[in-house]
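The values are calculated or read from the model by the stated rules, or taken from the named source; none is laboratory data. These numbers were taken from a predicted model, which means no experiment stands behind them. For neighbour counting, all protein chains shown are included, and Cβ atoms are generated from backbone atoms with ideal geometry for every residue, glycine included.
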């Protein structure tokens, strides 16, 4: 287990090379990939999130930790899929139509991935139709939308309405975030939740999929 | 009655102007809309119509306006594309010319723009023609924002932790360009420049974007040199940082030596107006503070009036220039913009 702690430390300190090497060695030694995720990766990303909320970590630290986590997950994911392991939840995420700002969305996507969610990242400037198509094709139960601008946040409302009109609203929970977005706005447009940072987004996603 | 410039200069000199000065920041779409709605031929007429003490920006014109290796790109090698968001459009960068760089040598080998490549004769004429009743601004310096564009934002942010030599080398090239250019411009316009713009977006919506050690290492030393240059020409330092930047304000005051702090996003944690007045009111001029994420775009006319009146009360005897927090966006009703400037005009006499 001492060697596996290296994976935890590599993710926490954002060293993607050591994260990858440690994962390779662990898998070669026959360690259960699910155990790597549950006992090292998720706790490491939880700690990254805690440090972010405590203003000990900032955007650069989140990014390098996410990169290390992904380097490990790339090796583990095919093995999990082969075993038919179920993720914590399936999330379709994107920055809404008219908006190309993606650093906040990417941080949320990475933190969700680090928490064991399967993340279907649609990128930026995502139309309501694209969100709905992905929901249907990938059987996701959660939609996460991001907007940076006061001028583009209205696309969140349009997307919620389109999801309702498509008849899939009952099958999914909707969460939103981004600089001008508030809980009040989430309530107004009929979203299920709002968070103001990437760590809180994980807690919210866990709550929504458990509901 | 004071002129707009006299109002600003009075504040900057620690004296009491006749009324609270105002300023105007808006997207091009908003300005075009207001010009049309008020039948104003130009911005000067709009400023007069709404009693805005707006700044007059004099920018030097490049002799060659594109990168030598890319005629489609600006002088830094950046291409832009317009992104339509329905009510208007904004420019996004379409490339990141330094994104594949892996060494300091590659940074040095990049073709950086030359500060000499400007039409200084034209700048001399433009400065001479600048209106005497307006505050004149010359010089922009926001290096890490530019580095983010050149490198891509995520890589740029990660570089602060894992590629210290690359980020430092690039920031030095960016600094040298701006320092040499500003020195030339301040010399040409000696006695005619009131403020220069020094900026970096250090705050996000809820906290600093990157840690204080990185800000102290990469940002503040060069900001200080730029501010010292300005001061040596009698030019005041106008500083912009978005967001929740409370933690770094003491450094901005003591190291960079800022004189005006913009835009005071008071809804962000730590940026509450009362606390800023209490802790820094005697040392800096607050600029902005009329909320541009909720009140101006989505509030009522009465909400805007109330916020301006709140600001007058809160900023009290400290120094404040009334302006929107950043550019007015096209979703902002004209009535709210009018309410902002009418309320400060009716209630801002000192």
Return the only residue of B:155, B:181, B:150, B:208 being buried (at least 19 other Cβ atoms within 10 Å of the Cβ), away from chain A (no Cβ under 14 Å), under 30 Å from residue A:15 (Cβ atoms) and at pLDDT 95 or above.
B:150
Checked the range B:323-350 for anything modelled with pLDDT under 95 and either away from chain A (no Cβ under 14 Å) or assigned to a helix (DSSP H, G or I) (or both); matches are B:350
Would you list the helices (runs of 4 or more DSSP H) that sit entirely within the range B:121-211 and hold 2 or more residues that are farther than 13 Å from residue B:58 by Cβ and under 18 Å from the mean Cα position of the chain (by Cα)?
B:143-151, B:164-188
Take residue A:116 and tell me if it is in contact with a strand residue (DSSP E or B) (Cβ under 9 Å, 6 or more places away or on another chain) and surrounded by 20 or more Cβ atoms within 10 Å (Cβ to Cβ).
no
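Yes/no matrix, rows are residues, columns are (1) at pLDDT below 95; (2) over 17 Å from residue B:159 (Cβ atoms); (3) surrounded by 13 or more Cβ atoms within 10 Å (Cβ to Cβ):
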{"site": "B:73", "(1), (2), (3)": "no, yes, yes"}
{"site": "B:79", "(1), (2), (3)": "no, yes, yes"}
{"site": "B:82", "(1), (2), (3)": "yes, yes, no"}
{"site": "B:89", "(1), (2), (3)": "yes, yes, yes"}
{"site": "B:92", "(1), (2), (3)": "yes, yes, yes"}
{"site": "B:105", "(1), (2), (3)": "no, no, no"}
{"site": "B:115", "(1), (2), (3)": "no, yes, yes"}
Verdict on residue A:68 being more than 25 Å from residue A:183 (Cβ to Cβ), part of a helix (DSSP H, G or I) and away from chain B (no Cβ under 12 Å)
no
Going by what's in this entry, would residue A:36 be described as surrounded by 23 or more Cβ atoms within 10 Å (Cβ to Cβ) and closer than 20 Å to residue A:200 by Cα?
no
Looking at the range A:28-48, can you tell me whether even one residue there is within 14 Å of chain B (Cβ to nearest Cβ) and modelled with pLDDT of 95 or more?
yes
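Yes or no, residue by residue, for (1) away from chain B (no Cβ under 14 Å); (2) surrounded by fewer than 21 Cβ atoms within 10 Å (Cβ to Cβ); (3) outside any loop (DSSP other than H, G, I, E, B):
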position: A:94; (1), (2), (3): yes, no, yes
position: A:132; (1), (2), (3): yes, yes, yes
position: A:140; (1), (2), (3): yes, no, no
position: A:145; (1), (2), (3): yes, no, yes
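Every residue, every condition in (1) farther than 28 Å from residue A:149 by Cβ; (2) surrounded by fewer than 20 Cβ atoms within 10 Å (Cβ to Cβ), yes or no:
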| position | (1), (2) |
| --- | --- |
| A:32 | yes, yes |
| A:44 | yes, no |
| A:63 | no, no |
| A:67 | no, yes |
| A:98 | no, no |
| A:105 | no, no |
Anything in the range B:1-21 that is assigned to a loop (DSSP other than H, G, I, E, B), within 22 Å of residue B:342 (Cα to Cα) and more than 21 Å from the chain's Cα centre (by Cα)? List them, or say none.
B:1, B:2, B:3, B:16, B:17, B:18
